[in-house]
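Report on one structure; see the data block that follows.
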Amino acid sequence: MAGEHPRCAGTVGLWLCRSAILAVIAVGSILVAGKAFAGYATIVVDAKTGAVLSEQNADQANYPASLTKMMTLYLVFDALERHQLTLKQPIAVSRHAATQAPSRLGLTAGQTITVEQAILALVTKSANDAAVAIGEELGGTESRFAEMMTQRARRLGMSSTTFRNASGLPNPSQVTTARDIATLGRALWRDFPQYYPYFSRDRFTYRGRVIANHNVLLRTYPGADGIKTGYIRASGYNLAASAVRNGRRIVAVVLGGRTSRERTLRMAGLLDRGFQQPMIAATGNEPALAAALPPLPLPKPDSTPIDLAAAQAPAVGAETDEGDAGDDSPADVTENEGWGIQVGAFTRREPAEQAAAAVISLMPDMLAGAQAQVIEVITGSATIYRARLTGLAERNAHEACRQLRVRQAACLAVRPGGLVEVSADN
């Protein structure tokens with residue numbers, strides 16, 4: 001062939017060159033698809049009714065990244081329910097599972113891991129090696145398990161989702177939408193209430209090593225109890241979350257966030273706005289106090305809470321799934337004596353001071369002796385001002401937050417030392 005490269009001469013050389021060209025084309029397709037799919041999308045739904053409370057680009061295709069593991073776990077819970085698996089059952093780790101890219105638990109070929117250890121590895125560490133091991137246990141091969149995942153997705157009504165592996169590592173054919181992920185989140189809570197609490201596990205210990213959950217929302221948002229984070233470069237930072245307030249559960253999804261911190265802040269804002277919307281139907285779970293207390297006045301136009309986008313951290317460029325764990329560290333630590341409450345975060349100091357003073361005047365007996373405090377926090381290129389009342393007894397802090405949340409106002413209990421508390425009664 002005229003102009004043929006010397007290495008392409010002969011039958012074998014021609015085959016190698018053609019294979020290389022196809023590989024380049026495949027990689028190019030992945031990159032193009034990544035740019036096409038890594039758009040921002042959100043949805044917020046009422047977990048009980050499925051009513052959509054808000055949405056943005058909810059049907060836009062995107063890569064699920066480790067949100068894939070939500071379906072892996074759905075099939076694991078289903079197998080436990082049907083007694084196909086038991087929590088203490090050992091699972092063999094294949095060479096294929098052991099050689100998965102990070103995030104990994106560090107499994108080696110030939111060892112075993114129990115089903116429960118695998119579940120905890122998925123919900124906290126987002127371990128790809130454990131996901132593949134359990135997928136091979138249920139499907140025989142990972143590709144067969146991925147077919148099972150897609151089939152179950154169709155049965156659940158996830159019409160725009162296709163799975164190609166058990167972990168969420170990059171595959172150009174593995175796609176989903178925010179709407180489909182919300183459907184899966186609701187299904188996990190609805191179909192497996194006995195196993196759903198695994199998603200709220202903040203950490204677990206494996207072979208003497210304490211592994212923290214990647215989902216920082218569990219530690220920073222009152223009432224959050226799952227579900228899953230995800231990241232690959234092509235998808236951006238993804239998060240599916242569930243939270244409960246006054247007996248009402250909301251499931252929300254963020255796809256295509258620019259940083260892990262941004263996706264967490266955006267998710268908190270989506271949940272807050274979702275809880276502020278009226279319920280589609282009466283549930284009988286609203287506290288009696290709600291009828292006796294008037295709603296807290298909304299902020300004035302010049303004292304709006306901080307725009308979540310303005311608080312984003314610098315982008316990080318991790319190549320492997322869940323490379324964002326280090327960006328989820330709590331940043332708000334102060335040295336306070338006693339308990340406190342946080343009643344808002346603002347872009348200017350003056351409205352933060354006004355918010356703290358307003359809450360004191362609203363509950364003078366309960367907050368007697370409390371000190372108003374505004375904490376300045378620099379996050380990325382933005383400065384925010386957190387309004388806090390300190391010097392409270394623990395009981396008063398929790399009760400004050402309860403009453404403020406009944407009035408549809410944000411409130412976080414703050415432990416001695418300044419760390420925000422996330423407790424079950426939130």
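The values are calculated or read from the model by the stated rules, or taken from the named source; none is laboratory data. Just so you know, these numbers come straight off a predicted model, no measurement behind them. Cβ: placed from backbone, ideal geometry, glycine included. Neighbour counts: every protein chain shown.
Each residue in segment 184-235 was checked for being without any contact (Cβ under 8 Å) to a residue 60 or more places away in the chain, assigned to a strand (DSSP E or B) and surrounded by fewer than 18 Cβ atoms within 10 Å (Cβ to Cβ), and 3 of them qualify. Look at segment 80-96: where a residue is closer than 18 Å to LEU188 by Cα and a partner is among the hydrophobic types (A, V, I, L, M, F, W, C) and assigned to a strand (DSSP E or B), sitting 6+ places away or on another chain with Cβ atoms under 9 Å, you get LEU85/ILE91.
Any residue at all in segment 172-179 that is within 21 Å of the chain's Cα centre (by Cα), among the small types (Gly, Ala, Ser), surrounded by 24 or more Cβ atoms within 10 Å (Cβ to Cβ) and modelled with pLDDT of 95 or more? Yes, there is a match, as at least one residue in segment 172-179 is within 21 Å of the chain's Cα centre (by Cα), among the small types (Gly, Ala, Ser), surrounded by 24 or more Cβ atoms within 10 Å (Cβ to Cβ) and modelled with pLDDT of 95 or more.
Quick one: in segment 356-377, of everything that is among the hydrophobic types (A, V, I, L, M, F, W, C) and in a strand (DSSP E or B), which residue is farthest from the chain's Cα centre (by Cα)?
If we take residues in segment 356-377 being among the hydrophobic types (A, V, I, L, M, F, W, C) and in a strand (DSSP E or B), then ALA372 is farthest from the chain's Cα centre (by Cα).
Conditions (1) of a type in the set (Val, Ile, Thr); (2) closer than 28 Å to ASP129 by Cα; (3) modelled with pLDDT of 95 or more, marked per residue:
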| site | (1), (2), (3) |
| --- | --- |
| TYR40 | no, no, no |
| TYR63 | no, yes, yes |
| THR68 | yes, yes, yes |
| THR72 | yes, yes, yes |
| PHE77 | no, yes, yes |
| ARG95 | no, yes, yes |
| THR99 | yes, yes, yes |
| ALA109 | no, yes, yes |
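Of the residues making up segment 47-83, just one is touching a Gly at 6+ places or on another chain (Cβ under 8 Å) and of a type in the set (D, E, K, R), namely LYS69.
The residue of segment 265-279 that is modelled with the lowest pLDDT, among those that are in contact with a helix residue (DSSP H, G or I) (Cβ under 7 Å, 6 or more places away or on another chain) and surrounded by 24 or more Cβ atoms within 10 Å (Cβ to Cβ), is LEU265. Does ARG154 count as surrounded by fewer than 23 Cβ atoms within 10 Å (Cβ to Cβ), in a helix (DSSP H, G or I) and either touching a residue at least 60 places away in the same chain (Cβ under 8 Å) or among the aromatic types (Phe, Trp, Tyr) (or both)? Taking the combined requirement at face value, the residue does not satisfy it.
If you go through segment 97-111 and keep only what is surrounded by fewer than 16 Cβ atoms within 10 Å (Cβ to Cβ) and either in contact (Cβ under 8 Å) with a residue 60 or more places away in the chain or within 27 Å of the chain's Cα centre (by Cα) (or both), you end up with THR99, ALA101, GLY106. With respect to being in contact with a Pro (Cβ under 9 Å, 6 or more places away or on another chain), assigned to a helix (DSSP H, G or I) and crowded, with 18+ Cβ neighbours inside 10 Å, ILE119 falls outside the description. Within segment 378-426, which residues are more than 30 Å from MET279 (Cβ to Cβ), assigned to a strand (DSSP E or B) and at pLDDT below 70? Residue satisfying the conditions is THR379 alone.
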